[in-house]
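Some notes on the structure that comes next.
The values are calculated or read from the model by the stated rules, or taken from the named source; none is laboratory data. Only a predicted model underlies this, so the values are computations on that prediction, with no experimental measurement involved. Quick reminder, even Gly has a Cβ in these numbers, built from the backbone with ideal geometry, and neighbours come from all protein chains shown.
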Amino acid sequence: MIAKRTFLLGAAAAALLAAAPPVYAQDAVKIGLILPMTGPFASTGRQIEAAVKLYQAQNGATVAGKKVEVIVKDDTGTPDITKRLAQELVVNDKVSFLAGFGLTPLALAATQIATQGKVPEVVMAAATSTITEASPYVVRTSMTLPQVTTPVADWAAKNGVKKAMTMVADYGPGIDAEKAFTETLTKQGGTVESLRVPLRNPDFAPFLQRVADAKPDALFVFVPAGIGSIFMKQFVERGLDKSGVKLIGSGDMTDDDLLNDMGDVALGAVTSFHYSAAHPSAENKAFVDSFKKMHSMRPNFMAVAGYDGMHLIYEALKKTNGATGGDALVAAMKGMSWTSPRGPISIDPQTRDIIQNVYIRKVERMDGELYNVEFDTVPNVKDPVKAAKK
Ligand code: VNL
């Protein structure tokens, strides 16, 4: 009898224990973070993952009573892999958020899954204007190329550039940048000749030869993060650093992750961008210091977008009291504003893109290191392509 009673109690306890894991699982919110952790764009994955880790170390892994679990997946920069991983994360892991997306084709590969699964897709890197239009669940914390390019084209027009050439990576963001630069400069009386370089294994030499022959006042460059140093090396090899052609671009070219190793060739390059590791604010100083302390590297614009993407996710969960439906979460994200290490930012409720300051910067040596030093600010810039559609 006693033995039987003990058995019954044991069974009850076992039943309770067996019931425990699902209760716990309900209390966890999962984020599927899909990034290029290997391959030519691994620096983007490394920067964003590092920033996500820093955000969680500073803000804890629990929000609105729920544990936030980040599942990192490497898509190697291949869209088919991004798509399969997004599917597995939504269907098998039941993630409440998809996040990351190092390049435009990778972000676009997941939009259908985000829409069907009603899961927010927080884009932390990819920057072609149209991405937010591919799904109502896309919310972006990076930038768009037209947004960050137009200010340097205005700067060029005001600073005597009449004849320019553009050299861009031949895919979405490069074509966006080329169009924004060309339209802005030609409206102000300039002329622009365009060159497009393949995205994969780029060889800039034949294009740089054409620049050397044409001798424009300025060369505008867009290359994705991680590629700027390959470009700079070939720019010097062709003698263009001594040709009098002014080097300008979006800040992707003088990416803070690589800039310090580029050498003197980068000095004086003028770019417009939403983030510099040298941005002079208390928030940025704290961010850069703690990032360097935790990861022994300088954060770049990818890191700040990953950090802000986590902030967006945490604050949306606070607003929904931990509820995870995609519609409620996207609604909570729309219009949210805060002070980022890059400056004041908000999520445009109409477009789900980010509204942010764009700074004009020049590469200078400061305390022995190369930095993008900001010298002018265009405040609260929206994606101009979507603004023009309305
Ligand atoms: C993209 C745009 C990627 C800007 C980047 O780095 C970048 C993109 C990887 O949309 O593919 O700096």
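The set of residues in region 316-346 being under 23 Å from ALA282 (Cβ atoms) and out of contact with any strand residue (DSSP E or B) (no Cβ under 6 Å at 6 or more places or on another chain) consists of TRP338, THR339, SER340, PRO341, ARG342, PRO344.
Scanning region 131-144 for residues that are in contact with a Lys or Arg (Cβ under 9 Å, 6 or more places away or on another chain) and within 11 Å of the ligand (Cβ to nearest atom), we see that the one that is nearest to THR271 (Cα to Cα) is THR144.
Restricting attention to region 5-26, does a residue exist that is at pLDDT 95 or above and basic (Lys, Arg)? Scanning region 5-26 turns up no residue that is at pLDDT 95 or above and basic (Lys, Arg). Yes or no: region 148-161 includes at least one residue that is within 12 Å of the ligand (Cβ to nearest atom) and outside any strand (DSSP E or B). Within region 148-161, one or more residues are within 12 Å of the ligand (Cβ to nearest atom) and outside any strand (DSSP E or B).
One residue stands out among those in region 277-307 that are among the polar types (S, T, N, Q) and out of contact with any Asp or Glu (no Cβ under 6 Å at 6 or more places or on another chain): the one that is surrounded by the most Cβ atoms within 10 Å (Cβ to Cβ), which is ASN284. Among the numbered conditions (1) among the β-branched types (Val, Ile, Thr); (2) in contact with a helix residue (DSSP H, G or I) (Cβ under 9 Å, 6 or more places away or on another chain); (3) farther than 20 Å from PHE273 by Cβ, the only one that THR166 does not meet is (3). Among the residues examined, TYR359 does not qualify as aromatic (Phe, Trp, Tyr), surrounded by 15 or more Cβ atoms within 10 Å (Cβ to Cβ) and not in a strand (DSSP E or B). For ALA64, state whether it is within 16 Å of the ligand (Cβ to nearest atom), of a type outside the set (Ser, Thr, Tyr) and in contact (Cβ under 8 Å) with a residue 12 or more places away in the chain. So ALA64 fails the test.
Residues in region 322-347 that are part of a loop (DSSP other than H, G, I, E, B) and surrounded by fewer than 19 Cβ atoms within 10 Å (Cβ to Cβ): 6 in all. Residue pairs whose Cβ atoms lie under 7 Å apart, separated by 6 or more positions or on different chains, with the first residue in region 168-190 and within 13 Å of the ligand (Cβ to nearest atom) and the second at pLDDT below 95 and assigned to a helix (DSSP H, G or I), do not occur. The single condition among (1) part of a strand (DSSP E or B); (2) within 12 Å of the ligand (Cβ to nearest atom); (3) not aliphatic (A, V, I, L, M) that LYS73 does not meet is (2).
VAL168 meets each of the listed conditions (1) of a type in the set (Val, Ile, Thr); (2) over 19 Å from SER250 (Cα atoms); (3) touching a Gly at 6+ places or on another chain (Cβ under 8 Å) apart from (2). Report yes if ILE113 is free of Cβ contacts under 8 Å to residues at least 24 places away in the same chain and on the phi < 0 side of the Ramachandran plot, otherwise no. Spelling it out, it is not the case that ILE113 is free of Cβ contacts under 8 Å to residues at least 24 places away in the same chain and on the phi < 0 side of the Ramachandran plot. Total residues in region 88-106 satisfying the condition of being within 11 Å of the ligand (Cβ to nearest atom) and crowded, with 24+ Cβ neighbours inside 10 Å: the figure is 5.
Meeting the requirement of 3 or more residues that are among the charged types (D, E, K, R) and at pLDDT 95 or above, the helices (runs of 4 or more DSSP H) wholly within region 164-262 are 172-187.
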